[in-house]
Each structure stands twice: as C-alpha cells, then as structure tokens.
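Just so it is clear, none of the values below were taken in a lab; they were calculated from the coordinates. Quick caveat: nothing in here was measured; it's all calculated off a predicted structure. Every residue, glycine among them, receives a Cβ derived from its backbone with ideal geometry; neighbour counts consider all protein chains shown.
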Amino acid sequence: MKTDSLVRMYQQYLKLEKGFSVNTLDAYMRDLDKLLSFLQTEDIEVLNVTLDDLHRFVAGLRDIGIHARSQARIISGIKSFFNFLILGDYLEADPTELLEGPKIGFKLPEVLNLEEIDTIISSIDLSNTYGQRNRALIETLYSCGLRVSELSNLKLSELYFNEGFIKVEGKGNKQRLVPISPRAIREIELYLIDRNQITIKPGFEDFLFLSKRGKNISRIMVFHIVKQLTEEAGIIKNISPHTFRHSFATHLLEGGANLKAIQAMLGHESVATTEIYTHIDRNMLRAEIIEHHPRNKRR
C-alpha cells in the first residue's frame, strides 16, 4: 500500500479512534512528516523501515539542533504511527520497539504562592471595561485548575453553581465535572453583569468569557492577559496560564489532597502525569516522613 494511503488512514485513526483534538492531531502529523521527508530523501519505503534507519533519522534530529524534549515527542509520535501499522496488519514487526528517546532532565515549572496569586487578582483595575472579566478569568483558572483551552471554551450552560461544579471538556473531547470555589462563583456572577452589555456574535451566545468582538476569548488572548496582569502586579516570574493550573495542583497537594483526587480534577488519564505537574516542598516531605514513618514515631 502507498505511503499516502497509510498516512490518511492513520490520520483518521487518530481523529476517530483516539479522539485527538485538531491541535494534537496537527502536531502528530507534523512530526510524522519529518520522518516521511527523511525516508523520501533516503529512498526508503515506510513498510521497509529498519531500526538502523530510525537511528539515523534521530541522529539527524540531534545534528540540526532539535531539543531533546522535541526529539522525545517526535519519537513518541513515530512509535504511535508504527503501532497503528502493526494493529492494521500492515507490518509484522515493529521497527520502533527498541528505539529509545533521549535522556531528559526533569525541570519543575514555575509555581505561584497564594500571596502572589492574591496580589495579581487584587491589582486588576476594575474601572477598566474588562477588569471584572479578567478577575473572574484568573480566579477560575486558579480555583478550577483549567487548561487554557478549557477556559476559553467554557460555556454558560456548563456552570452548575447551585451544585458547586462546572463541566469541562478536556483533551480528546472527554468531559469531567470540576468543583468551583464560592469566590470564583462570586467573581463570575459580577462579570456576568458586564457581559450583558456586550454585543455577542451569533453562535457565541453560550460562551462564558468573551472578547470585545463578542466571540469567545482566544487562547492567545488569555496568554496576553496573564502576562500583562503579572507584570502590572510586579511578579518577576515566567508566568503563563498553565502556571495557575500547576499552582492549583501544588497547593492542593501541599494542603493534603489525595493525588488521585487531583488527577480527576485535572483530567489526567494517568496519575503519573499528575506527579509531573505537582511537587512537594522538601520541608513538607521531611515533616510527612517524621510524622508517618514507624521508625520516627515516639513509643
């Protein structure tokens, strides 16, 4: 079978079977294109690829200066493609089985403490037309631990304030209920007063957070708002919308929340992913060991 046909079927597989979002699907296909370009240059058919071919491809990625994390992502995508070929009986043996990714050092993302978050929120100018919207936006990001895409797509019909939950559509179109704090509810209700004054574009009536053009606020705009508010608050850190999600998880963990509960609220399929997004202060870890390890307990 021709490569183009295999790639089209793989794309459909990712979209329909795996339920990938448009952005995730595009990322997988871009990474696969890198391998396909290499194979075309080397005059190698996809179904004839060997482990040696893949080693030369990965070496080429290193040679042109692609970061180790990007290399690991590309290799993961390639493994996914060849796994599809095995599942479809287009290949008998997987050439990526022994293909290893680069060693990656773990780097913890930035985290805001509660004082810094309160400073950012209290510094927002409510006399500004979009001040209350931005205040509700930041409070929701932090209180619910949302991804930026989940925030920008949040709908009025998904707010269950009486029950204290919101419904969120995460990766792979998977929905989950997330608890929302009374403070976030209050900020959103105040914002709804201003929202009623906006001329909303047809088709966007149900979106919660709107831009001045009457459409749901974009991911890029949320990044811009977070950057601007952080600078105005005098916070000298590399902050993005995801920082509030990470801070949400970290503060829950430090407060004693169960890791499985945090996993459910963040919408992670694996608890291992949650462990990456959370970290424990060394002093807290020591205190936990002193309190709970049987050798440290007083008789």
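For region 1-113, what class follows from the C-alpha gyration tensor (a ≥ b ≥ c being the square roots of its eigenvalues): rounded when a/c is under 1.5, otherwise prolate if a/b is larger than b/c, else oblate? Judged from the Cα gyration tensor, region 1-113 comes out oblate (a/c at least 1.5, b/c at or above a/b). Among the listed values (i) 44, 21, 16; (ii) 40, 28, 18; (iii) 40, 19, 16, the one matching semi-axes √(5λ) of the Cα gyration tensor in Å as calculated from this structure is (ii). For the chain, the relative contact order works out to 16 percent when only alpha carbon pairs closer than 8 Å and six or more residues apart are counted.
For G77, the shell of other residues with beta-carbons less than 11 Å away shows a net charge of +2, using +1 for Lys and Arg and -1 for Asp and Glu.
Over 28 Å apart at the Cα level, from the set K79/K167; K215/K237; K2/K79; K79/K237; K15/K79; K79/K103, are K79/K167; K215/K237; K79/K237. Under 5 Å between amide hydrogens, built in the peptide plane, is the criterion, and for F207 it picks out L156 among residues at least 5 positions away or on other chains. Between rounded, prolate and oblate, where does region 114-285 land on the alpha carbon gyration tensor, with a ≥ b ≥ c its root eigenvalues, rounded for a/c under 1.5, else prolate if a/b exceeds b/c? Oblate, because a/c is 1.5 or more while a/b does not exceed b/c. Let a ≥ b ≥ c be the square roots of the eigenvalues of the Cα gyration tensor of region 41-87; is it rounded (a/c under 1.5), or, if not, prolate (a/b larger than b/c) or oblate? Oblate shape, in that a/c is at least 1.5 and b/c is the bigger or equal ratio. Seen from T230, the other residues with C-beta closer than 10 Å to its C-beta sum to a net charge of -1, counting Lys and Arg as +1 and Asp and Glu as -1. Note on the chain: helix-only mean residue ellipticity at 222 nm, from DSSP H runs of 4+ residues weighted -39500 (n - 2.57) and normalised by residue number, equals -16500 deg cm²/dmol.
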